[in-house]
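A short worksheet on the structure shown next.
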Amino acid sequence: MNRDSIVPMPLRHIPWRLLLLVVAVGGFGLVVLYSAAGGSMSPWALSQGIRLTMFIGLAIAISWLGEDRLKMAALPTYVVIVVMLLLVELFGFVGGGSRRWLDLGFIRLQPSELMKPVIVLAVARFYDLLPAGEIRRFGAIWPPALLIGIPGALVLVQPDLGTATMICAGGITVAFLAGLPLRLFAGAALAIAAAFPIALSMMHGYQRDRIEIFLNPESDPLGTGYHIIQSKIAIGSGGIFGKGFLGGTQSHLDYLPERHTDFVFATMAEEWGLIGGLVLILLYLLIIRWGMGVAARAKGRFARLTAAGLSTTIFFYMAINLSMVMGLAPVVGIPLPLVSFGGSAMMTVLICLGMLMAIDRSSRRL
C-alpha cells in the first residue's frame, strides 16, 4: 500500500525532520531552564514550553500561505512594521531604559523583532522586481539601502544595537546574494571602519562600555565586565562532559547573570560540557542546512533569496549569541533562539521557519 495514501493530506507535506530538530532544540532548552530554576518548572520552563507549542503551530499555519502570498505581502508588511516602529517612538512602552514595545493591552508587541524576517522579504521582493540587467546600476543600490536603513535607524534610537545589527545584516545578506558587486561591500566595510570612532562617540554610555569591556573585560571585573567573565568561567568549568544535570554552581549560586536569557548557553555548557555544546550547535546547523537546501531547490529568484536570507537570519542569532557568551563579540542582547527564555526570538525564528516551509511546499508542487 502506498504510504501517502494513508497519510492525511494536511500532514503529508509537513517537513517532520525539521520539526523534530526544532523540538529537540526547544526541548533541550526546557531542560536547561528547568535546571536554571533549581529543578522547578516555574518560573521559566513551563511558560516556555507553552510558547514553544504555540509558535510551532504558528509556523505550520504560515507554511500553508504559499510563496505567492509571501511575495504579495512582502512590501505592504514592511510598511506596516515601519509604521509600528514609528508608533513605538511616539507611544512605546519603556522597559529597562529602552522604548521597544507597543502595549496593546493583552500583549506587549516588539515590532523590531518582526522586522528581522520582514526585511528579508522586502529586499528579496525588490530584487525580484528588478530586471536582471539593472543589478550593477545605482538603481539597484539606493532603494534597498533605504529599505534597510530606515528600520535600522528607528531601532537603533530605541536604543537596541543588537536588533538593529540583525536587521541590517539580514537585508545586506539578501543584497549580497542578489549579485551586487563585491567592491560595494568592501567599500562600505572600510567606510564603517573609518567612521567607527565617530559612531563610538555618539553611542550611549552603556553601549560604549560594552565595546570597551569586550576588548578588556578584566578592566572592570565587578562592574560591566562581570557578565562576560562569569560566563567564560561557567563554560570553562564545564569541561568536556560537564558537571551533570542540576550540578551547575555558577548558575545555581547566582554568580552567572541572565542565566536563563542571554547567557543560557553558559548555563547549559557548565552542566553538559563541551559535548552538550557541540550537540546543540550541530542541531542548529542541521536546521540552517535544511533552510539552505530549500533555497537551493527554489525555482524563482524571490524564493531563493528569501530562503537564503531567512536561513542566515537564524544563523546570525546563533553565531552572535555564542560569540557574545564566549567573549568573542560585545554583549548586544541577542538571545539564543529556541533556548533562551522569552517569546520574541522564538517567535521570530519560528516565523522564519514557517516561511521556509511555505517556500519548500511551493517548490515541491512545481
(request) With label points built 7 Å along Cα→Cβ from the Cα atoms of Phe241 and Arg17, find their separation and express it in nm. (result) 3.2 nm
(message) Under the rule a/c < 1.5 gives rounded, and otherwise a/b versus b/c splits prolate from oblate, where does the stretch 51-179 land using the Cα gyration tensor?
(response) oblate
(request) Would you mind pulling out the separation of the Cα centroids of the stretch 309-336 and the stretch 151-194, in Å? (result) 15 Å
(message) Can you tally the net charge around His260? Count Lys and Arg as +1, Asp and Glu as -1, for every other residue whose Cβ sits under 14 Å from the Cβ of His260.
(response) -3
(request) Could you pull out every one of the aspartates and glutamates with an alpha carbon less than 18 Å from that of Lys243, ignoring same-chain neighbours closer than 8 positions? (result) Asp254, Glu270, Glu271
(request) Could you work out the relative contact order of the stretch 301-366, using alpha carbon pairs under 8 angstrom and six or more residues apart, expressed as a whole percent? (result) 32 percent
(message) Can you give the FRET efficiency to the nearest 0.05 for Leu104 and Ser42, using r as the Cβ-Cβ distance and R₀ = 30 Å?
(response) 0.75
(request) Would you mind calculating the gained length between Arg297 and Tyr255 on full extension (0.36 nm times residue separation, minus the Cα-Cα distance), in nm to one decimal? (result) 10.4 nm
(message) Taking a ≥ b ≥ c as the square roots of the Cα gyration tensor eigenvalues, with a/c under 1.5 meaning rounded and otherwise prolate when a/b beats b/c, else oblate, which class fits the stretch 116-160?
(response) oblate
(message) Give me the net charge for the shell around Met166: Cβ to Cβ below 15 angstrom, other residues only, Lys and Arg +1, Asp and Glu -1.
(response) -1
(message) Given R₀ = 35 Å, what would the calculated FRET efficiency be for Ala153 paired with Val279, taking r from the Cβ atoms and rounding to 0.05?
(response) 0.35
(message) Not counting ligands, DNA or RNA, and with a 1.4 Å probe, what is Ile81's accessible surface area in Å² rounded to the nearest 10?
(response) 10 Å²
(request) In nm, give the distance between the simple-model label positions of Arg137 and Lys232, each being 7 Å from the Cα along the Cα-to-Cβ direction. (result) 5.2 nm
(message) If you average 1/r across every pair of different Cα atoms in the chain and take the reciprocal, what Kirkwood value do you get, in Å?
(response) 21.6 Å
(message) How large are Rg and Dmax for the stretch 62-138 when calculated on the C-alpha trace, in angstrom?
(response) 15.8, 49
(request) Multiply the residue separation of Arg289 and Arg183 by 0.36 nm, subtract the distance between their alpha-carbon atoms, and state the gained length in nm to one decimal. (result) 35.4 nm
(request) Report, as a whole number in µm² per second, the diffusion coefficient that Stokes-Einstein gives for the stretch 116-228 at 4 °C and 1.567 mPa s using the Kirkwood radius over alpha carbon pairs. (result) 81 µm²/s
(message) Straight-line reach from Lys299: which lysines fall under 26 Å, measuring Cα to Cα and dropping same-chain residues less than 8 apart?
(response) Lys71, Lys116
(request) Collect residues whose amide H, placed 1.01 Å from N in the peptide plane, falls under 5 Å from the amide H of Leu338; neighbours closer than 5 in sequence don't count. (result) Met346
(request) Take the solvent-accessible surface of the protein heavy atoms, probe 1.4 Å, and return the percent of it on the chain that carbon and sulfur atoms account for. (result) 69 percent
(message) Net charge within 9 Å of Gly242 by Cβ-Cβ distance, Lys/Arg positive one each and Asp/Glu negative one each, not counting Gly242 itself?
(response) -1
(message) Please report the accessible area of Phe185 (heavy atoms, 1.4 Å probe, ligands and nucleic acids excluded) in Å², nearest 10.
(response) 50 Å²
(request) Would you please classify the overall shape of the stretch 274-328 from the alpha carbon gyration tensor, given that a ≥ b ≥ c denote the square roots of the eigenvalues, rounded means a/c under 1.5, and beyond that prolate means a/b larger than b/c while oblate covers the rest? (result) oblate
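The values are calculated or read from the model by the stated rules, or taken from the named source; none is laboratory data. Please read all numbers here as calculations on a predicted model, not as lab measurements. Please note: Cβ atoms are built from the backbone with ideal geometry, for glycine as well, and neighbour counts cover all protein chains shown. The protein model used for the area step is the full one, side chains on, heavy atoms only, and it has no ligands, DNA or RNA in it. Shrake-Rupley method; radii C 1.70, N 1.55, O 1.52, S 1.80 Å.
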